[in-house]
Amino acid sequence: MLEVTLPDGSKRQYDAALSVAQIAESIGAGLAKAALAGRINGELVDLSTMVERDAEIAIITERDSDGLEVIRHSCAHLMAQAVQRLFPAAQVTIGPVIEDGFFYDFAFERPFTPEDLEAIEKAMGDIVKEGLEVHRSVMSRDEAVSMFKAMGEEYKVEIIESIPGDEDLSFYKQGDFIDLCRGPHVPNTNKFKAFKLTSVAGAYWRGDSSNAMLQRIYGTAWATPKDLKQYLQRIEEAEKRDHRKLGKQLNLFHFQEEAPGMVFWHPKGWGVYQAVQQYMRKVQNDNGYLEINTPQLVDYSLWERSGHAAKFSDEMFSVESESRMYAIKPMNCPCHIQVFNQGLKSYRDLPMRLAEFGSCHRYEPSGSMHGLMRVRAFVQDDGHIFCTEDQIQSEVAKFMDLLFAVYKDFGFDEVILRLSTRPEKRVGSDEIWDQSEQSLKDALNATGLPWELVPGEGAFYGPKIECSLKDCMGRILQCGTIQVDFNTPGRLGASYVAEDSSRKEPVMLHRAILGSFERFIGVLIEHYAGAMPTWLAPEQAIIMNITDKQADYVREVEAKLAAKGIRVSSDLRNEKVGFKIREHAMQKVPYLLVVGDKEVDSGSVAVRTRGGEDLGVMTVDDFCSHLSDDVALFGRTQSAS
RNA sequence: GCUCGCAUAGCUCAGGCGGUAGAGCACUUCAUUGGUAAUGAAGAGGUCCCAGGUUCAACUCCUGGUGUGAGCACCA
């Protein structure tokens, strides 16, 4: 006798051990048909897994998120089988589930073409129709190694040989295809209803650029064709929001060959940039930061002393002039220490918060550049807080509060926090690292928010908290950071006089809220699909006449609004009003003001938003106060959409 | 940096088994003065990314470079 407990709490008794599939069958034929996998006491298992004693059992179908994972994982196997049918020489390596889909890496003599992808997708469809049963089996390490050796699957041999100990390994076989895998998998290849191969690209074996490059095929798989369609629509929507595309359409900025990875800001893009920067300047002034400005070109020796040259010399631009070597600054911190070092500092001066909208250049690898998101010349909302060890936690806490408030103003409510700890290549003693990491952990815990630990991802001089925001597409984008640095101030000779009149080294906190203006504006463009909230919009209002008769009045209103600091322009072209409306609405100008004879007579403007909402006719003053109310909202509510 | 694509008018993109190119929008001119997402007509506009090579002939084929896209690697 054994008793199983189902997720709804109901219990069932069985005479003898039986498989999860049989349990599903005993509950109902429909469930048995829909079943993809099971869960025994919380652990995901195959349907064929035997239940031998009392347990909590759940039947996993495509409706569970775990079910979707199983489908995707199995779909990777399906694809590998199809690839090996078409290209027997292709060797299989690994094929995991990723967000929204899966990939599988193959070692093959030539790259796969888009035509290959089509053929592979078709072969996958054939295997689905064949309805091959999927069998799990267990082998010893040695057996498995000799089997894959015989098959010529060198990468699989390498994977198995890297698995420690003598543990048995599980295998999944469908038709003539067998793969090493932990599972679980769907019971039959006929379970797939919606999948698509999306792209092919190179990827290094084991993620190491010194290894061979494999061919990675990406695919997506869903429970139903409808879900697949929705996913493809989501991708399409993301493409429409691509900041590179919108940057061109809205005439915000451009790039060109002569300055790879460096932005040419156009008047409208620079308008957004200025709005963001002026906001940040005020926020920093209001929160105890002192704004400074430091040189862009600094003698190379400073970067040697700071430790940057040793790690990043290949990524630094340098300039030789009159037989001196300079580096174009890749970051601001060594310069900020120079400012701190001027004049004797007392513990009474701490914490000292220095901020700079510092223009930096880094030689980013060519393949890593991506529109505004990753550039070679950028400006950070950079700041360095010089403080005592005792002040770290409260300074980090203050910073976190400020960051949350700023993100809210920009319309981002969700912040994801991660702590990156000591990397292999680093400076400073282990004690110092212990201390730095602990102080950040304490600060994170003090926020009361969940956070994730990322071992080994810290900067070479100290651990860091990375603050990511979630945009309206659900994408997670790292922007802000705060990093504890017990190393660099000492290397560059910073000190202060403590209460007991001894000399001590200050701790330095590197911090940025937006990260780089370039990247952050890229994020904003995509988040708002180019329709910036009014406070950030480069053109907040445009006034247009219906016929030439109203031209003078339009100029008058324009001057009046401009005098109030509103970013306004007028469109007096000899075009129909519908044409002008369409054009400016597509340019995402928040407010479109139409003036005809009626408005001239009554001294008013007819107001509509870029989203098509008619706000009616109002006086110029009423419009001004409507707009300033909207501006005061920041991005907390989407305005004039 | 690595793998594989791509590069044609200001923009979005066609095109040709090698014989110096086309559309829509934008632009200019003319007509039109029209009340909330495209008024009509005409015109102008190109070193087909750059440098070599093959060829009677290269925008097209080959080689190299640059930029760019997807992914990988990197990210102080």
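Taking region A:109-135 as the region of interest, how many residues are surrounded by fewer than 16 Cβ atoms within 10 Å (Cβ to Cβ), over 24 Å from A:LYS193 (Cα atoms) and touching a strand residue (DSSP E or B) at 6+ places or on another chain (Cβ under 6 Å)? Number satisfying all stated conditions: 1.
Residues that are buried (at least 24 other Cβ atoms within 10 Å of the Cβ) and more than 8 Å from RNA strand B (Cβ to nearest atom) within region A:576-592 comprise A:VAL589, A:PRO590, A:TYR591, listed in sequence order. Among the residues of region A:67-89, just one is over 13 Å from A:ALA221 (Cα atoms) and within 31 Å of the chain's Cα centre (by Cα), namely A:ALA80.
Count of region A:585-641 residues, restricted to those that are of a type in the set (S, T, N, Q), within 23 Å of A:GLU575 (Cβ to Cβ), without any contact (Cβ under 8 Å) to a residue 40 or more places away in the chain and in a loop (DSSP other than H, G, I, E, B), is 0.
Annotation: of all residues in region A:453-474 being of a type outside the set (A, V, I, L, M, F, W, C) and under 15 Å from the mean Cα position of the chain (by Cα), the one that is nearest to RNA strand B (Cβ to nearest atom) is A:GLU466. Taking region A:593-609 as the range and being closer than 17 Å to A:ALA541 by Cα, within 6 Å of RNA strand B (Cβ to nearest atom) and either surrounded by fewer than 19 Cβ atoms within 10 Å (Cβ to Cβ) or within 46 Å of the chain's Cα centre (by Cα) (or both) as the test, the residues that pass are A:VAL594, A:GLY596, A:ALA606, A:ARG608. Of the strands (runs of 3 or more DSSP E) lying entirely inside region A:1-49, those carrying at least 3 residues that are in contact (Cβ under 8 Å) with a residue 12 or more places away in the chain, buried (at least 19 other Cβ atoms within 10 Å of the Cβ) and not assigned by the TED database to the domain that holds A:VAL138 are A:37-40. Among the criteria (1) surrounded by fewer than 17 Cβ atoms within 10 Å (Cβ to Cβ); (2) near RNA strand B (Cβ under 9 Å from one of its atoms), the one A:GLU322 does not fulfil is (2).
Okay, residues lined up against (1) at pLDDT 95 or above; (2) surrounded by 18 or more Cβ atoms within 10 Å (Cβ to Cβ):
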{"residue": "A:GLU237", "(1), (2)": "no, no"}
{"residue": "A:GLY247", "(1), (2)": "yes, yes"}
{"residue": "A:ARG281", "(1), (2)": "yes, no"}
{"residue": "A:GLU291", "(1), (2)": "yes, no"}
{"residue": "A:TYR326", "(1), (2)": "yes, yes"}
{"residue": "A:LYS329", "(1), (2)": "yes, yes"}
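Residue-by-condition table, conditions (1) within 30 Å of A:HIS336 (Cβ to Cβ); (2) at pLDDT below 95; (3) more than 16 Å from RNA strand B (Cβ to nearest atom):
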position	(1), (2), (3)
A:PRO450	no, yes, yes
A:LEU492	yes, no, no
A:HIS510	yes, no, no
A:LEU536	yes, no, yes
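The single residue among A:ILE581, A:ILE542 that is within 42 Å of the chain's Cα centre (by Cα), in a helix (DSSP H, G or I) and β-branched (Val, Ile, Thr) turns out to be A:ILE581. Taking the criterion of being surrounded by 14 or more Cβ atoms within 10 Å (Cβ to Cβ) and in contact (Cβ under 8 Å) with a residue 40 or more places away in the chain, the residues of region A:136-153 that qualify are A:ARG136, A:GLU153. Output the residue which, of all residues in region A:613-641 that are touching a helix residue (DSSP H, G or I) at 6+ places or on another chain (Cβ under 8 Å) and at pLDDT below 95, is nearest to RNA strand B (Cβ to nearest atom). Applying the filter and picking the extreme gives A:ALA640. Those strands (runs of 3 or more DSSP E) of region A:459-534 that lie entirely within it include none in which at least 2 residues are at positive phi.
Here A:GLU167 passes the criteria (1) surrounded by fewer than 17 Cβ atoms within 10 Å (Cβ to Cβ); (2) over 26 Å from A:VAL45 (Cβ atoms) except the one numbered (2). Looking at A:LYS248, is it near RNA strand B (Cβ under 9 Å from one of its atoms), touching a strand residue (DSSP E or B) at 6+ places or on another chain (Cβ under 9 Å) and part of a helix (DSSP H, G or I)? So A:LYS248 passes the test. Looking at A:LEU492, is it surrounded by fewer than 22 Cβ atoms within 10 Å (Cβ to Cβ) and aliphatic (A, V, I, L, M)? For A:LEU492, the condition - surrounded by fewer than 22 Cβ atoms within 10 Å (Cβ to Cβ) and aliphatic (A, V, I, L, M) - is met.
Anything in region A:419-436 that is within 15 Å of RNA strand B (Cβ to nearest atom) and either closer than 15 Å to A:ALA397 by Cα or hydroxyl-bearing (Ser, Thr, Tyr) (or both)? List them, or say none.
A:LEU419, A:SER420, A:THR421, A:SER436
What about A:PHE378, is it away from RNA strand B (no atom under 16 Å from the Cβ), in the same structural domain as A:GLU315 (by the TED database), touching a helix residue (DSSP H, G or I) at 6+ places or on another chain (Cβ under 7 Å) and part of a strand (DSSP E or B)? Judged against the criteria, A:PHE378 is not a match.
The values are calculated or read from the model by the stated rules, or taken from the named source; none is laboratory data. Model, not experiment: these values are computed from the prediction. Cβ atoms come from the backbone with ideal geometry, glycine included; neighbour counts cover every protein chain shown.
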